[in-house]
Structure formats: C-alpha cells, structure tokens
Amino acid sequence: MPQTPAVEIITIGDELLYGQVIDTNSAWMGQELGKIGLRIRQISSVSDRAEEIVRALDEARQRAQVVLMTGGLGPTKDDLTKHVLAHYFHSELALYEPSLRDVEAIFARFNRPMLEVNRQQAFLPTACTPLRNTVGTAPGMWFDGEDGVVFVSMPGVPFEMKHLMATHVLPKLQQHFQVPPIEHAVLQTVGQGESFLAEQIADWEAQLPPNMKLAYLPYLGGVRLRLTATDDGQPDLRGRLEAQLPAVRALLGPYLFAEGEINLETALGAMLQHRGLTIGTAESCTGGTIAQRLTSVAGSSAYFQGSVVAYANDVKIRQLEVSPDTLESYGAVSEQTVREMAEGLRRTLGVDVAVATSGIAGPGGGSDEKPVGTFWLAYADAHQTVARKVSFNRGRQLNIEYISTVALNLVRQHLPAAN
C-alpha cells in the first residue's frame with residue numbers, strides 16, 4: 001500500500017510574526033490537502049531574513065516530502081524568497097516569458113504603467129518549474145529536490161495562493177505521489193454543542209469500522225461532523241462510507257441542516273428559494289450582520305428583499321412601526337418589541353418572512369434586570385410570530401456573531417413548508 005507523503009507549510013513574512021496579518025492560508029491549504037488525502041505535519045512561520053528561510057527549509061526537508069511556502073514573492077526589497085530559493089537550489093534567475101506576459105496583461109487591464117520591479121517578478125530560478133499566476137504578478141515555483149522532497153513557493157496573497165493551489169499544485173501533487181484513497185463526508189449541525197452531539201451519537205460512533213474516524217469541528221453555534229474513511233484495501237470505499245450515514249442522520253434529527261461544505265446562510269437560502277419565499281431582516285444589536293450573511297450567498301437576490309438596521313428607538317418607531325408605548329413599557333430589549341419589529345418589517349418590505357433582533361451586545365449598557373448578553377429574537381410570517389430569549393456573553397463581536405447564527409437558525413426552524 002502506498003505511503004502518504006508528509007506535508008509541511010512554511011509561511012514567510014515579518015507581518016505574520018508581528019500579528020499584523022492573520023495566517024488564513026495555512027487553514028485553507030490544510031482543508032484542500034485533506035480532500036486529496038494529504039496531511040500537514042507541521043506549520044512554521046519565519047521572518048523575511050534569508051538565514052531564517054534557509055534554516056526552515058533545511059528543517060522541513062528532514063520531516064516532510066512536500067514543503068509548501070507562501071509569502072515573500074512581492075516586488076519590494078524585503079521579498080527575498082525567490083532569491084533565497086535560487087541560491088538554495090544552485091541556480092540563476094532567468095526571464096520566464098509567459099509570466100512576463102501575464103504581468104503585462106494585468107497592468108494593461110488596469111491601464112497602469114508597469115514598473116521595472118514588476119518586470120523583475122517574471123525572473124525565476126532556472127531550477128524551478130514555473131507555475132503561471134494569471135491573477136497576480138508573482139508566479140509560483142515548483143522545485144524537485146535531490147532527495148525527492150518537493151518544494152513549492154507561492155504568493156502570500158490569499159486569492160493568488162488559492163488560484164495556484166487549485167490550478168497547479170494540487171493536481172501536480174496527485175500526479176507526483178501515489179496517495180492512498182481517502183473519502184470524506186461532512187454533516188453540518190447547528191443549535192447544539194459538541195458534548196450533547198457526542199452523547200447523542202455515541203453508540204453509532206462506537207460501531208464505526210477501524211478505517212473510519214469521526215472528527216468534531218465546533219464553531220460558534222454549531223458543530224461540523226467530518227467522517228473520514230481511509231484506504232483499507234477493500235473495494236468501494238465511498239459506498240461503504242455512505243452506508244454509515246443514514247443512521248447518524250436520524251440521530252442528529254433537527255440539528256442537521258446540510259451535508260457537505262455548506263454554511264447555514266447558504267442552506268437557508270436554498271430553502272427560501274425552493275419554497276418561493278422572500279425574507280427581510282430588522283436588526284438592532286446585530287447591526288446588519290444577518291443581512292450581510294444572507295447576501296453573501298450568490299443568487300440571494302431571488303429571496304432577500306432588504307434590511308432595516310434600527311439601532312435607535314426612533315427608527316424602530318418610524319421604519320418598523322413599533323409602538324412608542326411598547327418601548328416605554330417594556331424597553332427595546334424585550335419580547336414585545338422584537339415581535340413588533342418583525343411584524344412591522346413584513347408590512348414595510350412586503351416580505352413573506354422576517355427576523356428581528358434586539359439586545360445588549362456590550363461591553364456596556366447592561367442593567368441588573370437586563371445584563372450584557374441579554375438578547376431577544378423574533379421570527380414572523382403570515383401565520384405566526386415566534387420570539388426567543390437568548391443569554392450569551394463572550395464579548396461584543398462573538399455575541400453578534402452568535403446571535404446572527406441563532407437568528408438564521410430560528411428562521412430555518414419555522415419556515416412554512418413548501419406548497
């Protein structure tokens with residue numbers, strides 16, 4: 001049975017070490033590599049210093065058969081990666097004409113003059129196999145090391161790295177290595193925590209075959225469950241994996257909202273579109289976050305009509321038809337107010353369903369009666385209005401993120417059935 005090559009990632013740049021830029025590249029690469037059966041053994045971040053880059057390369061080649069690098073390929077003086085790699089692989093820099101044409105095309109597209117520093121980006125080590133980057137000015141580089149280790153260098157700009165990975169690197173890795181088959185199934189849940197789900201499906205998990213493993217991947221408001229089947233020499237690995245799913249679907253019940261790499265807003269959008277329903281949001285404490293999540297989905301104009309961010313009470317009164325008496329008697333953060341917000345939005349926008357939020361996201365503004373982390377949400381359609389109180393306080397940003405997830409799930413739970 002072929003052995004799976006170990007992968008190591010090296011991210012290059014002082015900005016990563018100073019915390020000025022968050023390394024999202026490694027997480028994305030790990031996900032994509034996992035889909036083809038490759039696992040990351042280690043991730044390292046190093047500064048823009050030649051000796052540090054060389055030391056990281058020397059150490060990585062002792063642990064891994066694939067070394068993926070991002071960063072340090074820009075046009076400025078601190079971008080040293082290409083020069084370090086040329087020296088490391090005992091080669092000179094030479095003009096690679098296809099990359100020069102790519103760079104020229106990008107500058108022509110934006111009607112900007114191309115500087116000499118940008119032209120220099122088309123000079124690559126002669127020891128590498130160039131990887132054309134048609135969405136940026138820095139080509140990627142593939143090196144076959146003398147010891148059989150593959151080195152790949154890519155830009156640190158996320159969308160350029162993703163383009164090179166998808167277009168060049170992942171297909172070449174699959175061709176270069178005989179990777180044992182691997183299959184994944186992802187179950188998306190919302191509304192319950194990891195411990196509850198683990199107990200709910202414990203007996204099912206215990207009976208999984210030895211070559212299948214379940215991973216719990218919590219996020220704020222839910223859990224992704226990833227079932228992975230590795231090659232055991234038997235046929236139909238995919239079929240045997242899928243045979244395990246009906247039982248766990250039944251156990252997860254209402255907490256399961258989708259399968260595959262689908263987020264809650266995408267799944268909810270598909271439900272709305274399938275049922276021919278329109279939606280709008282009336283948001284106070286979430287400040288438009290729910291609307292942003294809904295409209296982040298391509299094609300959301302088919303069902304999303306609009307939003308009223310009613311932070312001030314006057315806006316709740318004028319735009320959402322909330323009664324001044326309700327606000328006076330119960331306050332903005334109350335069941336009565338969010339009910340009227342949701343119902344008023346349905347009338348104002350003429351939508352089939354509406355969701356409303358009001359709460360105290362913090363860090364200030366709370367009271368003994370309504371402390372920070374007190375939230376009210378409401379869902380309204382032509383037949384019902386449902387309100388829910390939520391207590392959650394993990395800091396302002398996490399509060400907003402969590403409440404937006406709860407609100408989307410509230411809509412999912414109460415949507416009218418398809419006609």
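The values are calculated or read from the model by the stated rules, or taken from the named source; none is laboratory data. These figures come from a predicted structure and were not determined experimentally. All Cβ positions, even for glycine, are placed from backbone atoms using ideal geometry, and neighbour counts span all protein chains on display. Just the protein is used for accessible areas: all its heavy atoms, side chains included, with ligands, DNA and RNA removed. Shrake-Rupley method; radii C 1.70, N 1.55, O 1.52, S 1.80 Å.
Ligands, DNA and RNA left out, the 1.4 Å accessible surface of the chain is 49% carbon and sulfur atoms. Sorting 37-45, 80-88 by average packing, meaning the other beta carbons within 10 Å per residue, from highest down gives 80-88, 37-45. In this model, which of 316/370; 35/389; 77/162; 82/162 are farther than 28 Å apart at the alpha-carbon? Violating the 28 Å limit, Cα to Cα: 35/389.
Which percent of the Cα-Cα distances in the stretch 259-329 go past 17 Å? Percentage above 17 Å: 51. Shape class of the stretch 188-246 from the alpha-carbon gyration tensor: prolate, with a/c at 1.5 or above and a/b greater than b/c. How much of the DSSP bridge set in the chain is antiparallel, in percent, rounded to the nearest 5? Percentage antiparallel, nearest 5: 60.
From most to least packed by mean Cβ count within 10 Å, the peptides 275-282, 159-166, 402-409 give 402-409, 275-282, 159-166. Centre-to-centre, using Cα atoms only, the stretch 1-63 and the stretch 143-217 are separated by 15 Å.
Put simply, the Cα atoms of the chain extend 79, 59, 43 Å along their principal axes, the longest span coming first.
Packing order of peptides 9-21, 179-191, highest average first: 179-191, 9-21 (average count of other Cβ atoms within 10 Å over each peptide's residues). Estimated from helical segments only, the mean residue ellipticity of the chain at 222 nm is -11000 deg cm²/dmol, where each DSSP H run of four or more residues counts as -39500 (n - 2.57). For residue 244, neighbours were defined as the other residues whose beta-carbon sits under 12 Å from its Cβ, and their charges (Lys and Arg +1, Asp and Glu -1) total +1.
The calculated FRET efficiency for the pair residue 348 and residue 109, based on their C-beta separation and a Förster distance of 41 Å, comes to about 0.45. Probing with 1.4 Å while keeping every protein chain in the model, the per residue accessible area of the chain equals 48 Å².
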